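Chemist: Take a look at this one; I'll ask things after.
Since every read-out is calculated from the coordinates, none of them should be taken as a lab result. It should be emphasised that the depicted structure is a prediction, and the values quoted were computed from it without experimental measurement. Please note: Cβ atoms are built from the backbone with ideal geometry, for glycine as well, and neighbour counts cover all protein chains shown.
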Amino acid sequence: MVFLPDSQLEQWLQDDIQGGDLTTRALGIGSRRGKIVYQHRQGGCVSGIDAARRVLLRLGLKIETAAEDGQLLEADDILLVAKGRADALHQGWKTAQNILEWSCGVTDYMFRMMQILRRHNAEGKIACTRKTIPGTKLLATQAVIAGGGIIHRLGTAESILLFANHREFWRDREDWSGMIAALRRNAPEKTLVVEANTLQDAERALQAAPDILQLDKFAIEAISPLQALAAQIAPSCRLALAGGINLESIEAYARTGVSLLITSSPYYAPPADIKTQLIAQS
């Protein structure tokens, strides 16, 4: 489970209900008791449950029922049920719903991509990049993991990834061996990942034998020759594919046999359709 601080939950609530719910207050119904029910209209692989549950708990509500992140639900299955005062129910309503809709959308998209990949490669992995929508990184990370994906890198400090933009500032941008030697010397505990944008770059990178060669936006037909070249001159180097990999294209990439696919597409999945019902109790 990804650690989501209380301060983040409180900020989401603060953005929506800093002044309370005027309608509930004006009607004088805040002390009435009731419950809130969240249902997944479409069904699928879900997440955001824990975050939504904690939001409701922060408002003094009690949780009756909750699904689990990563669970597969059928259409109209219940995600979450909470009970308590009407003013708290109305204040938590939209914040929790927004969390569930966005998170479930990402998770189910990730899950469906993984299902396609696993049909071709049982050990294949899909890694999601740090190209998250601003403000969503923690939710996105949990959503990806719940859908069966892994995280490519959360930030720039945790892993080595040599881009063309780094090479631009090296003494010779074609000196792959020199750059890889420097990276091995100065970050000896890290796996060395380098990115190639052209066939020529990929061939030169393989000569320097990085740990992983990330091929960015390569045509499908260009991948097989590079797999053969890697096996010949850098057998310990693993290939990864990045750029343009989404639910529509993943079948073709999965057929290449490359077992590590890198994408940011799940972050932009359509939100799930979550039905929310508030029910008064006598």
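Chemist: Among the GluC sites (Glu not before Pro) in segment 1-84, which ones are in a DSSP loop with at most 12 other Cβ atoms within 10 Å of the Cβ? Mind listing them?
Modeler: Passing both the DSSP loop test and the Cβ count: E68, E74.
Chemist: Within the P(r) computed for the chain, what percentage of the Cα pairs occupies the region above 28 Å?
Modeler: Roughly 47 percent, rounded to a whole number.
Chemist: Excluding residues on the same chain fewer than 8 positions from K217, give the lysines whose Cα lies under 28 Å from its Cα.
Modeler: Hits, sequence-local ones excluded: K125, K131, K137, K190.
Chemist: Can you give the helix-only mean residue ellipticity at 222 nm for the chain, where every DSSP H stretch with n ≥ 4 adds -39500 (n - 2.57) and the sum goes over all residues, rounded to the nearest 500 deg cm²/dmol?
Modeler: Here the helix-only value at 222 nm equals -12500 deg cm²/dmol.
Chemist: In Å and whole numbers, how far do the C-alpha atoms of segment 119-268 stretch along each principal axis, longest first?
Modeler: Rounded to whole Å, the extents work out to 40, 33, 24 Å.
Chemist: Now for a separate question. With Cβ to Cβ distances under 11 Å as the rule, what net charge do the other residues near R173 carry (K, R +1; D, E -1)?
Modeler: Result for the neighbourhood of R173: -2.
Chemist: When a/c is below 1.5 the answer is rounded, else prolate if a/b is larger than b/c, else oblate, so apply that to segment 192-266 with a ≥ b ≥ c taken from the square roots of the Cα gyration tensor eigenvalues.
Modeler: The shape class here is prolate.
Chemist: Next question. Report, to one decimal in Å, the Kirkwood hydrodynamic radius for segment 8-76 based on all distinct Cα pairs.
Modeler: Its Kirkwood hydrodynamic radius stands at 14.1 Å.
Chemist: Please report, in whole Å³, the volume per residue of the convex hull around the C-alpha atoms of segment 68-155.
Modeler: Each residue corresponds to 108 Å³ of Cα convex hull volume.
Chemist: With θ set to phi - 60°, apply the Karplus curve 6.51 cos²θ - 1.76 cosθ + 1.60 along segment 128-136 and write out the HN-Hα couplings as whole Hz, x wherever there is a Gly or Pro.
Modeler: 9, 7, 8, 7, 7, 5, x, x, 10
Chemist: Fully extended, how many nm does the chain gain between Q18 and T191 (0.36 nm per residue separation, minus their Cα-Cα distance)?
Modeler: Value of the extension gain: 57.7 nm.
Chemist: Moving on to the next point. Give me the number: length gained by fully extending N121 to L57, i.e. 0.36 nm times residue separation minus the C-alpha to C-alpha distance, one decimal in nm.
Modeler: The span from N121 to L57 would gain 18.9 nm if fully extended.
Chemist: Which is the longest run of the chain containing none of the chymotrypsin sites (Phe, Trp or Tyr not before Pro) found in DSSP loop states (not H, G, I, E, B) with at most 11 other C-beta atoms within 10 Å?
Modeler: With chymotrypsin sites (Phe, Trp or Tyr not before Pro) excluded where exposed in loops, the chain gives 4-168 as its longest stretch.
Chemist: Still on this structure: Normalising by the residue count of the chain, find the relative contact order in percent from Cα pairs under 8 Å and 6+ residues apart.
Modeler: Computed over the chain, the figure is 23 percent.
Chemist: Reachable lysines from K83, Cα under 29 Å, same-chain residues fewer than 8 places away excluded?
Modeler: K35, K62, K94, K275
Chemist: Report the gain in length on full extension from I279 to D76: 0.36 nm times residue separation, minus Cα-Cα distance, nm rounded to one decimal.
Modeler: Computed gain between I279 and D76 is 71.4 nm.
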